[in-house]
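The values are calculated or read from the model by the stated rules, or taken from the named source; none is laboratory data. Note that this is a predicted model, so its numbers are computed, not measured. When we count neighbours, we look across all protein chains shown, and the Cβ atoms used for this are built from the backbone with ideal geometry, even at glycine. Note: areas computed on protein heavy atoms with side chains; ligands, DNA, RNA excluded. Shrake-Rupley method; radii C 1.70, N 1.55, O 1.52, S 1.80 Å.
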Amino acid sequence: RELGERWVNDTMSFVEVTLGVARMHRILREFDGVPEYMWSKSGFGCHALLLPAPGEQHTFGLRLVQEFLLRESWSVTNKPVSSPEALKVILSNSHYDIAGLSLSGETMIAPFQASIASIRAHSKNRNIKIIVGGHLFTERPELITSCGADAYGADAPATVRIVNGWVNQLKVVT
């Protein structure tokens, strides 16, 4: 977030921001692979689909959410989707308990909404929950519901608390 603010305020160049993000990705890769003794088993047996908005290039937040979900024993599919058809294929091949999508800018709102509508229409899980993230939703919280999402995760820990809460509610009901 700090790098983004420095970019917007023109106190860092594109190259400096790019190098900073690359360093953050490298640090995250060093911590990849969560040992089983650290798993909480909260999300055991649950599967999450994490997607950036179509055309979105800001994916570091999704990688953080992925790491936090893995530490909670979630199975995670995290990949960009090139087309609506590719999203339909992904949704038809696996059952997902939740879908998490990120959006950084207003120019991608329409394709973002279309992705959420497609998830709801084509998911094997008719009760799939959708959580969104990205700084845009902090600035414009009305977009959360207008995009068709169930909730907003302000950061990785908040996202995990929300989705684990959904899973715990399902366990109580069944």
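Things to note:
The rows are residues; the columns are (1) loosely packed, with under 10 Cβ neighbours inside 10 Å; (2) closer than 26 Å to Tyr152 by Cβ; (3) polar (S, T, N, Q); (4) at pLDDT 75 or above.
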| position | (1), (2), (3), (4) |
| --- | --- |
| Val21 | no, yes, no, no |
| Arg29 | no, no, no, no |
| Glu67 | no, yes, no, yes |
| Ala86 | no, yes, no, yes |
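- Tally, over region 58-90, of residues that are farther than 22 Å from Pro111 by Cα and of a type outside the set (Phe, Trp, Tyr): 10
- Here Ser115 fulfils each of the conditions (1) open to solvent by less than 20 Å² (accessible area, probe 1.4 Å); (2) at pLDDT below 90 apart from (2).
- The residue list His58, His47 contains one member that is within 14 Å of Ile130 (Cα to Cα) and either open to solvent by less than 50 Å² (accessible area, probe 1.4 Å) or at pLDDT below 90 (or both), which is His47.
- Contacts under 7 angstrom Cβ, first residue in region 113-130 being closer than 17 Å to Pro54 by Cβ, partner of a type in the set (Asp, Glu), 6 or more apart: Ile130/Asp150
- Leu136 within 17 Å of Pro52 (Cβ to Cβ), modelled with pLDDT under 90 and open to solvent by less than 20 Å² (accessible area, probe 1.4 Å): yes
- Matching residues in region 124-140 - criterion: being among the polar types (S, T, N, Q) and within 14 Å of Ser102 (Cβ to Cβ): Thr138
- Matching residues in region 87-108 - criterion: being of a type in the set (Gly, Ala, Ser) and under 14 Å from Leu50 (Cα atoms): Ser94, Ala99, Gly100, Ser102
- Among residues of region 148-159 that are open to solvent by 50 Å² or more (accessible area, probe 1.4 Å) and modelled with pLDDT of 95 or more, those with a Cβ under 8 angstrom from a residue that is of a type in the set (D, E, K, R) and not in a loop (DSSP other than H, G, I, E, B), sequence gap 6+ or separate chain, pair up as Asp150/Lys129.
- Selected residue (only one of Ser75, Ser82, Ser92 is open to solvent by 30 Å² or more (accessible area, probe 1.4 Å), among the hydroxyl-bearing types (Ser, Thr, Tyr) and either touching a Cys at 6+ places or on another chain (Cβ under 9 Å) or under 18 Å from Asp155 (Cα atoms) (or both)): Ser75
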